[in-house]
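The values are calculated or read from the model by the stated rules, or taken from the named source; none is laboratory data. Model, not experiment: these values are computed from the prediction. Here the Cβ is made from the backbone with ideal geometry for all residues, glycine too, and neighbour counts use every protein chain on show. Keep in mind that these areas ignore ligands, DNA and RNA; they rest on the heavy atoms of the full protein, side chains included. Shrake-Rupley method; radii C 1.70, N 1.55, O 1.52, S 1.80 Å.
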Amino acid sequence: MSEGQSKLLSRRLVSAWVSSVISISLVLLLVGVGSLLLVNANKFSRYIKENMNVTVLMKQDVSENQALAFQSELDRSPYLKSSTYVSKQQGIKEMAELLGEDFLDIFSSEPIPISLDLTLNGEYVHKDSLEILRKNLMASSLVDNVTYQENIVEAMNDNLARISLFLGLFIALLLFLSFVLINNTIRLNVYARRFTIHTMKMVGATKNFIRAPFLSQAFVQALFSSLIACAALVGLLFFLKVQLLPFYEIFPLDRVLMVMGIVIFSGLLICLTSTWVTVGRMVSVNKDELYY
């Protein structure tokens with residue numbers, strides 16, 4: 001083989017190796033994103049539930065001190081995550097922004113009472129729990145009404161359960177597709193070197209001896225691909241931190257590290273297994289089959 005042919009072959013091998021690494025990295029990135037969503041499904045569900053408000057409307061004659069004392073009492077409740085005091089003036093301002101500055105002209109007296117916006121702990125955001133909470137709050141002589149979006153709560157709980165199931169099925173399908181895609185990539189790489197494998201077999205090399213360099217290459221390839229996928233995953237999380245901080249806070253560091261471990265383990269397992277099986281099959285083919 002001439003020097004020019006040798007260089008051309010080297011460039012082709014490097015190009016094929018880089019293409020394989022990129023392809024495997026993209027597949028593993030999808031596995032990482034899906035796994036990140038799955039392992040944080042409960043936190044994501046809790047985040048959505050804890051962003052739903054329960055509004056407590058006080059009676060018109062309730063004073064600011066009475067409302068603040070009632071708020072302080074509620075803040076000690078185990079079901080409450082946080083509460084916000086909304087004064088009459090603030091309520092009027094918000095309604096004016098919504099309905100227009102002259103909306104008060106149609107009322108003979110101020111229609112906006114003092115109110116409290118309650119954010120509940122996620123485990124209490126269920127239809128039955130909210131109904132019990134409503135009854136307890138309405139038992140107070142200071143409270144005129146308690147409102148929350150009942151239909152949304154019921155639909156939200158049903159949909160979150162479906163989303164968790166869908167994510168589980170999605171990850172299972174994604175792992176299967178990852179195995180198929182990575183296996184095909186590795187099989188093409190091994191097939192391109194089938195004559196080298198046949199030559200090694202002709203001089204008496206055993207299957208394990210022939211597999212060894214391919215497995216070493218697959219290990220390095222899988223490790224590089226996994227690290228690139230993990231780096232891309234960190235980039236996505238950094239984007240969330242900059243653009244959507246509340247969503248970023250859903251993903252704790254320990255869960256992120258666990259997902260990275262899953263990505264690296266999946267990459268190594270799929271690449272090494274595919275290489276082991278593919279090289280074993282290639283060693284078993286006869287000379288005539290090498291040309292098809």
### Query
How about segment 42-55: which of its residues are touching a Leu at 6+ places or on another chain (Cβ under 6 Å) and open to solvent by 10 Å² or more (accessible area, probe 1.4 Å)?
S45
### Message
Among the listed residues A232, A212, A218, identify the single one that is at pLDDT 75 or above, closer than 21 Å to V33 by Cα and open to solvent by less than 60 Å² (accessible area, probe 1.4 Å).
### Response
A232
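Within segment 169-209, how many residues are β-branched (V, I, T), part of a helix (DSSP H, G or I) and open to solvent by 60 Å² or more (accessible area, probe 1.4 Å)?
Taking segment 169-209 first, the residues β-branched (V, I, T) are 171, 180, 182, 185-186, 190, 196-197, 199, 203, 206.
Narrowing the set further to residues that are part of a helix (DSSP H, G or I) leaves 171, 180, 182, 185-186, 190, 196-197, 199.
Checking the rest, the ones that are also open to solvent by 60 Å² or more (accessible area, probe 1.4 Å) come to 196, 199.
Residues in segment 169-209 being β-branched (V, I, T), part of a helix (DSSP H, G or I) and open to solvent by 60 Å² or more (accessible area, probe 1.4 Å): 2 in total.
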### Task
Among residues belonging to segment 238-256 that are aliphatic (A, V, I, L, M) and surrounded by 15 or more Cβ atoms within 10 Å (Cβ to Cβ), point out the one that is farthest from I182 (Cα to Cα).
I250
### Task
Give just the number: which of (1) in a helix (DSSP H, G or I); (2) over 26 Å from G32 (Cα atoms); (3) modelled with pLDDT of 70 or more does N145 not satisfy?
(1)
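Looking for something among the aliphatic types (A, V, I, L, M), within 32 Å of the chain's Cα centre (by Cα) and outside any helix (DSSP H, G or I) - is there at least one such residue anywhere in segment 241-255?
Applying the first criterion (among the aliphatic types (A, V, I, L, M)) to segment 241-255 yields 242, 244-245, 250, 253.
Checking the rest, the ones that are also within 32 Å of the chain's Cα centre (by Cα) come to 242, 244-245, 250, 253.
Those still in the list that are outside any helix (DSSP H, G or I) too: 244, 250.
Scanning segment 241-255, I find at least one residue that is among the aliphatic types (A, V, I, L, M), within 32 Å of the chain's Cα centre (by Cα) and outside any helix (DSSP H, G or I), so the answer is yes.
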### Task
Go through (1) open to solvent by less than 20 Å² (accessible area, probe 1.4 Å); (2) touching a Lys or Arg at 6+ places or on another chain (Cβ under 9 Å); (3) at pLDDT 85 or above and name the single condition M58 misses.
(2)
### Task
Would you point out the residue of segment 257-268, among those that are surrounded by 13 or more Cβ atoms within 10 Å (Cβ to Cβ) and hydrophobic (A, V, I, L, M, F, W, C), that is nearest to S216 (Cα to Cα)?
L268
